[in-house]
Structure formats: C-alpha cells, structure tokens
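Worksheet: the structure to be examined is printed underneath.
The values are calculated or read from the model by the stated rules, or taken from the named source; none is laboratory data. Since the structure is predicted, the reported quantities are computational estimates derived from the model, not experimental observations. Here the Cβ positions follow ideal geometry from the backbone for every residue, glycine too, while neighbour counts run over all protein chains shown. Protein only, heavy atoms only, side chains kept; ligands, DNA and RNA dropped before computing areas. Shrake-Rupley method; radii C 1.70, N 1.55, O 1.52, S 1.80 Å.
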Amino acid sequence: MQEKKKAPITKHLRKKRLLKIFLAIIIILIIVRVTLPFIVLHYANKSLAGMPGYYGHVQDIDISLIRGAYQLDNLYINKLDSVTQMQTTFFKVETIDLSIEWRALFHGSMVGEMVFQRPMLRFTREKTDLDQVKKDTSDFRDLLDAFMPLHINRFEILQGEIAYHDSTSKPVVSIEMTNTHVLAQNLRSVYDADALLPATIDASAYLYRGNLNMKMKLNPLATYPTFDMNTELTNTNLPELNEFFKAYGKFDVNKGTFGLYSEMAAKNNKFTGYVKPVIVDLDVFGPEDKNDGFLHKLWERVVGSVGVIFTNQKKDQIATKIPL
C-alpha cells in the first residue's frame, strides 16, 4: 500500500518542478525583453558616435521579437568637417523599421526589409571640403548595412526629402526635393530569379511645383550594371531656383518651367540612353531687372538670346535630345 502512495507524490513533484522551470523561462524571457532594447540602444549609439567622419545618435529602439523586427526612432547622423570638426546635418529620420521579410521565407530565403518614415538626406558643400570629393552615398549604404544583419530584399521610403546646401556660394544655395516616395522590391532576386531584370524600383518626388517620376527594372546581382530606366520631370518652376542660377550662372529667371525626359539601359557592360531637357515659356531679361548693373544686364541678355535661338517658336519651348 505504501508503494502505491509514492507514485502520486512523485508525479506531483514532477509537475511542480516543470512549473518552476516554465516560470523561470518566462521570467528570463521577460527580463531579456525588457533589457534588450537598452543593450541594443547603448551599442547602437556607441557605434554611431564612433563612425569616422560622422557623429550619430538614436533616441529610442523598439524591439518586436514575435515579428522579428526592431525600430530606430529619431535617428540623426551629422558629418564632421575634417578641418574644423564642426557638425553639419547629413541624415535624419523619424523611424526606420527593420524586419524579416516573411513572404520571402516561403521561397526559402532569409532576407530583410527596411521602411523609412520621413527621412531627410542632405548633401552639403563646405569651404574646407572644396578639394575633397566624398562618397557620401556609399558611406550611408555601408552604415545601413551595419544595422541590418540580413540582405535587404525590399525597402521603402515614405515622405522623404533630399536636399543640397552650399554655404560657400553667393547667394547661399539650398535646393530641396520633397515628398519623396521610393519602393524597391526583389533586390536579392528571391522571386522570378530567372528573369533578366527581376528587381524593380519606383520613385516619385516633388521639385518646386514639378513632379518627378522614375521607373526602373534591374538585376542587382549581375556582374555588370544591368537595368532599364525611365525618368520624367515635369513643370518645375524655374524662378524658385533663382538662388541656384545666381550662384552658379550669374543670372536669374523671371518666368519659365523646366522638364526632363530620359531613358537609359545597360547590359553586358554596354550602356545606351538619352536625356531630353525641356524649358517652356522662358523669360530671363524683363522689367524686373531694370535696376541691375550694366554687366549683369548684358549677361542676362546673352543668356536670353541663346534661349531664343534654340526656341521652338510654335511651342515656345527650348528642347534638345542629348544621346548618351
């Protein structure tokens, strides 16, 4: 009779032991979940602060273990001037979401996707950098690779901004391309791997009342650049770019719109394409310039005369097709 009583007791102890182990695992997971964002945040900020030529900081990191993702909130990266060590804005973003692309798992690939919410990328020309050409785009790409351990198969930019600033010019030039949207898919050829151009990039932006649209098919894994791209820019208001014209061309524009049409393709280390700029209703010299100096007036008349020579009188537009 005593042996029969031991079995329930042993079974009860085993259940209690399993329950303790289960609770211990739950507690450990909770501790890891609570402390992991702080550990990752510390590591990220240490890495951002130690980048050669740059200084960065991220305000917060959110981790979603179930989704296999994490978010960088309010990240900024500044460029350090090589001489003065002064910082200028290079990149900032409201949110970057980095995650596993679950759809690709069904195709046997472990790849990632990135979504940028309200990013701003700014290229700046400073006095101490005049003799140095920096590959900012390559540096930025390498930086993102450090944050995403997986190969990127999809990325999207929402409400982005790309800016160029030249504080050395007179007047100071500041050009912005706003409301930028970019969607790039299948960059690692997870789907339709046998297609010649399996990846796609669709982009649009707003440039001083004008609209920019670009569509591109490409093979990012090809040995040589392989792509087919169409680009269209329409109705950019030229007077809003007068800072640029005054600084680099020594003239301004009273009226006119600018457009650009381009097709480019590359395959087997060969390249072909064209660029067709179109200027409509151009007015360089007018009553607004009556108080300008003599030499400035003379130069604007020269620029305006060149425009008249190449103008299609029926359409009142300047257009030329430049083969590449």
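Relative protection proxy for 218-224, 15-21, 150-156, from highest mean packing down: 150-156, 218-224, 15-21 (other beta-carbon atoms within 10 angstrom).
Kindly state, to the nearest 0.05, the FRET efficiency for LYS250 paired with ASN230, given R0 = 41 Å and r defined as their beta-carbon distance. Mind showing how you got there, number by number?
Working: r = 34 Å, r/R0 = 0.83.
The formula returns an efficiency of 0.75 here.
How much length is gained if the chain between ARG17 and TYR261 is pulled fully straight, taking 0.36 nm per residue apart and subtracting their Cα-Cα distance, in nm to one decimal? List each step's numbers first, then the result.
Details: separation 244, 0.36 × 244 = 87.84 nm, distance 7.26 nm.
Gain on extension, ARG17 to TYR261, equals 80.6 nm.
So if R0 is 30 Å, what FRET efficiency would LYS270 and LEU183 give, r being the distance between their Cβ atoms, rounded to the nearest 0.05? With a Förster radius of 30 Å, E is 0.60. Peptide packing for 47-55, 23-31 was compared via the average number of neighbouring C-beta atoms within 10 Å per residue; ordered from the highest value, the list is 47-55, 23-31.
Under 17 Å from a label point set 7 Å out along the Cα-to-Cβ vector of LEU29, the amide N atoms of the stretch 49-79 belong to 63-69. Measuring against 20 Å, Cα to Cα, the residue pairs LYS217/LYS270; LYS170/LYS321; LYS46/LYS92 contain LYS170/LYS321 as the ones spanning a longer distance. The stretch between ILE63 and ASP281 holds 73.1 nm of extra length on full extension. This uses 0.36 nm per residue minus the Cα-Cα distance. Between ASP81 and ASN242, the simple spin-label model (points 7 angstrom out along Cα→Cβ) gives 2.9 nm.
Share of carbon and sulfur in the accessible area of the stretch 188-280 stands at 52%, probe radius 1.4 Å.
What is the list of residues in the stretch 239-273 whose amide nitrogen lies under 19 Å from a point 7 angstrom out from the Cα of SER204, following Cα to Cβ? Flagged as within label range: 259-262.
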